[in-house]
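Structure first, then comments.
Please treat every number below as a calculation from the coordinates, not as lab data. Everything numeric in this text was worked out from a predicted model, so none of it was measured. Glycine also receives a Cβ, built like all others from the backbone with ideal geometry; neighbour counts cover every protein chain displayed.
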Amino acid sequence: MKSLLSKWNHRRKFLRGEKRANETAKAIEAKLTPGERAEIETLMSRFSPWESGLPLVRVGGDLDGGYLLPDDFDGIQALYSPGVDETVGFDLEIASRGIECFLADGTVEEPRNLAPNMHFEKMMIGNGPAETFMSFESWVNRTSPSGDLLLQMDIEGFEYSVLPATPRALLDRFRIIAIELHEIDRMLLGSRRSELASFMDLLCENHVICHLHPNTVTPPVTILGRQIPPVLELTLIRKDRIKAKPLSPAPYPHPLDAPNSHDLPVRDFPKFW
């Protein structure tokens, strides 16, 4: 009974949050200028996923923490995974492929049952006191083997400061990037719109989005008549690894896509771009 009540309260909170977020977005949208509306439309279009010519495989669990990645792991030397989930299913699966895994998160203790080729540091990624923070660049440079790398990043909004502070040459070592982006709706409607545009420029300079998935734990928000996921899971592959040329739109949603939770209402995956 307690479990059912908890689930019901969680769903009620989800629906209240959905209503509140849409009311706020509607009020802000009413005040947008034609130029601001055009900026938002252009920025939405940046999220289109493209066919890489490589099949996608699901790595991690069927719920939150699982990502679809291009099946292009041969030769990847290491995974870097800032932001650690309790189950570390994604990381364990990558480790089982014989890829060295480096995990970091200052908010959790070292997960149990790590494989021998998995290394955890109880540190935050970003700018802060040296005893609790380290830069992404220093972490990778201190630990990485030579060759291509894989990045899986979920650091609750700090991605917008961490990756822009990382040298281009280091970002280009990551053959595959799986990243969760946060507050997409607020950034589109607010003063950080240009920051999101610059961040997309950074991500897509030498990589291409080959898959995206709305995190269904957060309900979509209607902006300019489109359903915008506030939290998006993006998968990108470096341009030199793409097999399909010229680029064509990727199938969406993908057959391997799944909701992040079975306890919450599931909305349609919006093709918002």
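Within the listed set Thr218, Thr235, Thr143, the Gaussian network model of the chain (springs between alpha-carbon atoms below 10 Å) gives the highest mean-square fluctuation for Thr143. Remark: the stretch 116-127, residue by residue, has Karplus-estimated 3J(HN,Hα) of x, 9, 10, 10, 10, 10, 7, 9, 8, 9, x, 8 Hz, where x stands for each Gly or Pro and the curve is 6.51 cos²θ - 1.76 cosθ + 1.60 at θ = phi - 60°.
The separation of the stretch 202-221 from the stretch 54-109, counted between C-alpha centres, amounts to 17 Å. The phi torsions of the stretch 49-57, fed into the Karplus equation with coefficients 6.51, -1.76 and 1.60 and a -60° offset, translate into couplings of x, 10, 6, 8, x, 10, x, 8, 10 Hz, rounded to whole numbers, with Gly and Pro shown as x. Under a Gaussian network description of the chain, with springs only between Cα atoms under 10 Å, the residue in Ala104, Ala25, Ala130 that fluctuates furthest is Ala130.
Applying 1/(1 + (r/R0)^6) with r as the Cβ-Cβ distance of Phe133 and Leu15 and R0 = 45 angstrom yields a FRET efficiency of 0.75.
I need the Debye-formula profile for the stretch 2-241: one equal scatterer per C-alpha, no solvent, reported as log10 I(q)/I(0) at q = 0.10, 0.11, 0.17 1/Å, two decimals. Debye curve over Cα of the stretch 2-241, log10 I(q)/I(0) at q = 0.10, 0.11, 0.17 Å⁻¹: -0.51, -0.62, -1.34.
For Leu79, the residues whose modelled amide H falls within less than 5 Å of its own, excluding neighbours fewer than 5 places apart on the same chain, are Glu100, Cys101, Phe102, Leu150.
Close amide H partners of Asn260, meaning residues 5 or more places away or on another chain with modelled amide H under 5 Å apart, are Thr216, Val217.
Ordering Arg175, Arg16 by the number of other Cβ atoms within 10 Å of each residue's own Cβ, fewest first, gives Arg16, Arg175. Amide hydrogen proximity for Met123: with H placed 1.01 Å from N in the peptide plane, the residues at 5 or more positions away or on another chain lying under 5 Å are Asp105, Gly106.
Close lysine pairs were tallied over the chain: pairs 8 or more places apart or on different chains with Cα atoms under 25 Å apart number 10.
The stretch between Asn141 and Ser248, if pulled fully straight at 0.36 nm per residue, gains 35.0 nm over its current Cα-Cα span.
Using a Förster radius of 35 Å, what is the FRET efficiency between Lys7 and Lys122 based on their Cβ-Cβ separation? Nearest 0.05, please. Walk me through the numbers before you get to the answer.
Values: r = 32 Å, r/R0 = 0.91.
Rounded to the nearest 0.05, the efficiency is 0.65.
As a proxy for reagent exposure, Tyr80, Tyr252 were ordered by neighbouring Cβ count within 10 angstrom, fewest first; the result is Tyr252, Tyr80. Each of Ser161, Ser96 was scored by other Cβ atoms within 10 Å of its Cβ. Arranged with the fewest first, they read Ser96, Ser161.
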